[in-house]
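Quick one: the structure is below, questions incoming.
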Amino acid sequence: MKIIDARGETCPVPVILMKKALKEAEGENIREIVDNEISRDNLEKMLRELGLSYTSFEEDGDFVVQVNRSDTDAGSLPLKNASDTVLVIESDTMGRGDDELGRILVKNFLYALTESDGLPGKIVLYNTGVRLATVNEDTAADLKKLEERGVGILVCGLCLNYFGLTEKLKAGSVSNMYAIVEAKLSAGKIINI
């Protein structure tokens, strides 16, 4: 049995750890220990969506989610192809309300995307979203990883210039509004965050 100790980890790390273990532990049972109900609930939701058998219980104040694998479900993680999808990020925060929380959310979103099987074909960054590929070290590193996996990262040149960030670009390529329009028009799906 593979055991994952994810106590102290926050969203999305426990789910990502379980997903990696499911890929690597061919038919082996997996036990993950978390220290909060939200992580437990997120793990249960993912396992239900994957159609995998699991049990969940409390043990010594922690939550344990155990995947009971069989040879029939080994390697049954679905692969999502989203290459015709364009992800548009127009801000260095995610959602409305508290900006500090918004920066944490967008950072976690991009990290989770690097761990996802299904990737968009392109990511478009404009307005303050260009900061994610420049001054924000964590998100720039994640965008670089996505770029290395074949995701096109289009960064608005006008926006970079406006914010004085042109020389600080760490991921993606300088783009223009015409290319951004073309990417959006040719997309099968556009996701705005």
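The values are calculated or read from the model by the stated rules, or taken from the named source; none is laboratory data. Small disclaimer: the values here were computed from a predicted structure and weren't measured. We place every Cβ from the backbone using ideal geometry, glycine too, and count neighbours over all the protein chains shown. Protein only, heavy atoms only, side chains kept; ligands, DNA and RNA dropped before computing areas. Shrake-Rupley method; radii C 1.70, N 1.55, O 1.52, S 1.80 Å.
Per DSSP H run of n ≥ 4, the term is -39500 (n - 2.57); total these for the chain, divide by its residue number, and report the mean residue ellipticity at 222 nm rounded to 500 deg cm²/dmol.
-11000 deg cm²/dmol
Another question, then. Okay, which of region 35-52 sit inside 12 Å, backbone N to the point 7 Å along the Cα-Cβ direction of D62?
It comes to 35-36, nothing else.
Looking at the chain, what % of its DSSP beta bridges pair antiparallel, to the nearest 5?
Given both bridge residues lie in the chain, the antiparallel proportion sits at roughly 35 percent.
For the chain, report the translational diffusion coefficient in µm²/s to the nearest whole number, using Stokes-Einstein at 10 °C, 1.306 mPa s, and a Kirkwood Rh over Cα pairs.
87
Between 0 and 90 degrees, rounded to the nearest ten: what's the tilt of helix 99-114 against the longest Cα principal axis of the chain?
Once rounded, one gets 70 degrees.
Highest mean first, what order results for 14-23, 167-176 on Cβ atoms within 10 Å?
Highest-to-lowest ranking by the protection proxy: 14-23, 167-176.
Taking 0.36 nm per intervening residue step and subtracting the Cα-Cα distance, what contour gain separates S53 from D41 on full extension?
Extending this stretch completely gives an extra 2.8 nm.
Give me the net charge for the shell around E147: Cβ to Cβ below 12 angstrom, other residues only, Lys and Arg +1, Asp and Glu -1.
+3
So which trypsin sites (Lys or Arg not before Pro) in region 94-145 end up in coil per DSSP with only 15 or fewer other C-beta atoms within 10 Å?
Sites meeting the loop and neighbour criteria: R96.
Would you check the accessible area of D60, probe 1.4 Å, heavy atoms only, in square angstrom rounded to 10?
150
So which of K145/K184; K19/K168; K107/K184; K23/K107 end up more than 32 Å apart by C-alpha?
Among K145/K184; K19/K168; K107/K184; K23/K107, the Cα-Cα distance tops 32 Å for K19/K168.
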